[in-house]
1. What are the residues in segment B:322-347 that are modelled with pLDDT under 95 and under 12 Å from residue B:279 (Cβ atoms), if any?
2. Considering every residue within segment B:95-102, establish whether at least one is on the phi < 0 side of the Ramachandran plot, surrounded by 15 or more Cβ atoms within 10 Å (Cβ to Cβ) and over 22 Å from the mean Cα position of the chain (by Cα).
3. If you scan segment B:234-287, which residues turn out to be touching a helix residue (DSSP H, G or I) at 6+ places or on another chain (Cβ under 7 Å), part of a loop (DSSP other than H, G, I, E, B) and within 13 Å of another protein chain (Cβ to nearest Cβ)?
4. Yes or no: residue A:130 in a helix (DSSP H, G or I) and away from chain B (no Cβ under 14 Å)?
5. For segment A:310-346, what are the residues that are in contact with a helix residue (DSSP H, G or I) (Cβ under 6 Å, 6 or more places away or on another chain) and in a strand (DSSP E or B)?
6. Considering (1) in contact (Cβ under 8 Å) with a residue 12 or more places away in the chain; (2) closer than 30 Å to residue B:85 by Cβ; (3) part of a helix (DSSP H, G or I); (4) within 14 Å of another protein chain (Cβ to nearest Cβ), say which one residue B:217 fails and leave the rest.
7. Given the conditions (1) within 12 Å of residue B:245 (Cβ to Cβ); (2) touching a helix residue (DSSP H, G or I) at 6+ places or on another chain (Cβ under 6 Å); (3) within 13 Å of chain A (Cβ to nearest Cβ), report the number of the one that residue B:46 does not fulfil.
């Protein structure tokens, strides 16, 4: 019996995406060096949480930061605070925003905010989308990079122009920077420089950085203090968040300075994949460590091809593929430490076999 | 310079309450024996979370259970589900319920539920409070034991009568069983027997049990499946909850069968404390491992007395005291493993010194 794609993937020794397997070793490694006598954080207080929040506020160029169990919680709360401030229960973001498609409508069900969807599924939000708004909004959320369309970015000039316009119009600008670090090499800017364009900034501590879970929300202290009240209301002010904080700090230090390498790797790999028949990447030239891979064939054809390549090379490209349009499918690649562990010959063989078998 | 109460407490080797210090060792110990190759849970799926949920559903005698990062999140969601089911946005609970005093009004701010407060700050909810309701409610929440009044309980017959009445009236009954295991010895019942009186049950995995954080919400599958949707909306459906799940399981196994010992210890200790001048416990005879200790003197008098006792005996009674009424203060005692580590002579000396110095 032929292995399914996921089964074949699970047998591979090397992976195109990520840093390591998502297993318990991720936490164990982060805890190895910590002193067991160190006191737990306690409902948002204590050296572990306050120290890390202070460090991340500095990194993001903001006055203060708050550690949250999840970005879902952090971002709903950011938008709610800005909506309350302006007494306008309306915000705007991209139609493929995490809040719109991955959160069971928490923003609407819990915070009763109305959303305006800007741009469309084929492009990022541009200045004209914002200046063309015909209803008043409290806040605009920009996701950088826009993950669900392959991880794309507006130009830096566009960012500056949107930021400038929002400030003049009294529209708060929030950064969904789940993968903020991953785009710093492309823009050639620091996190604080990009953060300065926004009123509030969220980053994920696990997506590109490789922690266990958790998020940081940063802004002025008057904003972050309000966010702590909402964090308690959401049930996120846990007695102890240290398992996530310690691992966030550990993997932040381990991976933060490698983003340029991941980005360059992504550009090179995308170039090679684009040479395979039926394969095209989105974007064609990545602007971060991530991109989407489209294959212009049906899922039923692609899955056994990929599984056979995994079995022969030991390199796992993806554990899943999603159907899109007619007779096409895609998956996401997100380069981390693991990519460098793949033997050069195994990677070459993977690409060669893909070329041969997708004909 | 004299040490403050908290400083003197932090210098002690033994503590009246709890299992161990709340330090990182709590997590490290729970992880010692786990296999690093074991896969993480992934957004509510995977063997680690599903296995533990199944185990806790069985323990609580319910069809299904869901692991939540916090009880705050779990209980708001339970009440919301019952309110939606009946299309009645009103629930009832005790005026000192966790939801009323510790959650920044999350239930009202996020779920827009109206609350009716039953009984008062001096007693638990009785059948007459429920039968006397003059407005329709979707759900009644009972907290067992009622922590903020010293951890008190209604009689088991009252519980049965309330459960019976609610079923007949179409009122859902939810158990705030944060410390459910701690009351099983007093009632002489299993968790499943008590759980059978309720439509939904929450238990904390850290309060009496000693885990790092986390909670279980149990009920029929149709209820728990809805709770998973709300968990995602709240931002509680983390990519990985295993640090809390593994420690919950570890300390559940370690402490669940010692509750009778903790309860007996609490009864004995309360009896001894009640022999000290100016001291009285609430309840006078504990019904679980916890009780409150009232001292009929001002905080300014009591704090230096306690600090001096800690310094001489090495036994920490409490890290804080709260003022209540005029010239009175109180603190909570919650017996766990730590109590048994106190040398008998040190405990005796502590009680002797308290008697001498509180004159």
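The values are calculated or read from the model by the stated rules, or taken from the named source; none is laboratory data. Just so it is clear, the model here is predicted, and its values are computed rather than measured. Note that we place each Cβ from the backbone using ideal geometry, even for glycine, and neighbour counts take in every protein chain shown.
1. B:328
2. Looking through segment B:95-102, none of the residues is on the phi < 0 side of the Ramachandran plot, surrounded by 15 or more Cβ atoms within 10 Å (Cβ to Cβ) and over 22 Å from the mean Cα position of the chain (by Cα).
3. Correct list: B:235, B:236, B:237, B:241.
4. yes
5. A:315, A:316, A:323, A:329, A:335, listed by residue number.
6. (3)
7. Evaluating residue B:46 over (1) within 12 Å of residue B:245 (Cβ to Cβ); (2) touching a helix residue (DSSP H, G or I) at 6+ places or on another chain (Cβ under 6 Å); (3) within 13 Å of chain A (Cβ to nearest Cβ) leaves (2) as the failure.
Each row is one residue, and each column tells you yes or no for (1) part of a loop (DSSP other than H, G, I, E, B); (2) more than 10 Å from chain A (Cβ to nearest Cβ); (3) within 30 Å of residue B:127 (Cβ to Cβ); (4) at pLDDT below 95.
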{"position": "B:20", "(1), (2), (3), (4)": "yes, yes, no, yes"}
{"position": "B:74", "(1), (2), (3), (4)": "no, no, yes, no"}
{"position": "B:77", "(1), (2), (3), (4)": "no, no, yes, no"}
{"position": "B:85", "(1), (2), (3), (4)": "no, yes, yes, no"}
